[in-house]
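Okay, so here's the structure we're looking at.
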Amino acid sequence: MSKDSQMRAAINQKLIEMGERDRLKELLRAKLVECGWKDQLKAHCKDVIREKGLEHITVEDLVAEITPKGRALVPDSVKKELLQRIKTFLAQHSTL
Amino acid sequence: MKMEDMSLSGLDNTKLEALAQDIYSDLVEDACLGLCFEVHRAVKQGYFFLDDTDQESMKDFEIVDQPGVDIFGQVYNQWKNKECVCPNCNRSIAASRFAPHLEKCLGMGRNSSRIANRRIASSNNMNNKSESDQEDNDDVNDNDWSYGSEKKAKKRKSDKNPNSPRRSKSVKHKNVLLGPKPCCRSGSSVRAVER
């Protein structure tokens, strides 16, 4: 197992070093805005804040409420495209 | 780290798939966290609910979709058929023709000086022609000057190019202008002769 985790760490490092991770992050962000995911979640945020009270809301509250919903709301097309790009990267840089 | 340990090509597809899923999952979580921080800051700085308006105001600014009216609800061809009174000549002019009329009427604008010059030229011609009938000596000279109208047109154009004021031009040409109708041609054909 440690070989695997070492390898994963190495892959992640390569992802970051080559700037690919940032590019993927930007791509994901742009796609999520485009498809309305951000607006949907923002509306959900408004409900949560109204519920908990404007003064007492904390980052932890928001994270706990938003993250699971956020994961579920990502459209399939966006998910597929991102996975495709990741797999392409892994295939191109399989030997380290 | 030894080279052979690090090779991915030895990995089977499921592990590759799982790795890709993990990376994707991290990216999504980053996006969610980014949104949470953005929202939290907006709440604490007080601008999160800034763009919310109450229902009544929303109704006031709704997009209008009726025929004959633009999206704000204003009538946009309201002024097409209206007439305006010219302050200079006190005539009633249609709204769409008002600006060009005002240009000519007030003597400002690009074309009005040309038209005025032509009118002066033609009126001088009429005056000079009637005079020359009475005077004998000048008859001979008149014939010489008959094609001088073309010359005058050429001269006029070359004088126009440096920024000479209108008045000196028309004064100059008063002396030169003799001869028949050709100088009363419309502006475009005069220019054609000059070229």
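Could you state the angle between the C-alpha long axis of helix A:20-34 and the longest principal axis of the C-alpha atoms of chain A, as a value from 0 to 90 degrees rounded to the nearest 10? The answer is roughly 40 degrees. Checking the cross-link pairs A:25/A:79; A:38/A:87; A:46/B:44; A:42/A:69 against a 19 Å limit on the alpha carbon distance flags A:38/A:87 as lying beyond it. Placing +1 on the Cβ of every Lys and Arg and -1 on the Cβ of every Asp and Glu, with no other charges, gives the stretch B:48-104 a dipole of roughly 920 debye about its Cα centre. When the charge dipole of the stretch B:15-118 is built from unit charges on Cβ atoms (+1 for Lys and Arg, -1 for Asp and Glu) and taken about the Cα centre, the candidate among B:99, B:117, B:85 whose Cα reaches farthest toward its positive end is B:117.
How much accessible area per residue does the stretch A:4-96 have, in Å², with a 1.4 Å probe?
58 Å²
Take the accessible area of A alone and of B alone, subtract that of the pair with a 1.4 Å probe, and the total buried over both chains is about 3900 Å². Within the shell defined by Cβ-Cβ distances under 14 Å, the residues around residue A:53 carry a net charge of -1, with Lys and Arg each +1 and Asp and Glu each -1.
Charging the Cβ of each Asp and Glu at -1 and of each Lys and Arg at +1, and nothing else, the dipole of the stretch A:14-90 about its Cα centre rounds to 380 debye.
For the stretch B:66-130, the set of chymotrypsin sites (Phe, Trp or Tyr not before Pro) satisfying both a DSSP loop assignment and a count of at most 13 other C-beta atoms within 10 Å is given as B:72, B:76, B:79. Mean per-residue shielding of peptide A:42-51 is 3, counting Cβ atoms of other chains within 10 Å of each Cβ. Computed from Cα atoms, the angle from the helix A:2-17 axis to the main principal axis of chain A rounds to 80 degrees. Let me know the whole percent of all Cα-Cα pairs from the stretch A:1-66 that are separated by more than 19 Å. When every Cα pair of the stretch A:1-66 is considered, 58 percent fall beyond 19 Å. Which of A:90, A:72, A:44 sits farthest toward the positive end of the charge dipole of chain A, with +1 on the Cβ of Lys and Arg and -1 on the Cβ of Asp and Glu? The one lying farthest along the dipole's positive direction is A:90.
The values are calculated or read from the model by the stated rules, or taken from the named source; none is laboratory data. Values in this document were obtained by computation on a predicted structure and should not be read as measured data. FYI the Cβ positions are ideal-geometry reconstructions off the backbone, even for glycines, and counts take in every protein chain you see. Quick note on the areas: whole protein, heavy atoms, side chains included, nothing else; ligands and nucleic acids left out. Shrake-Rupley method; radii C 1.70, N 1.55, O 1.52, S 1.80 Å.
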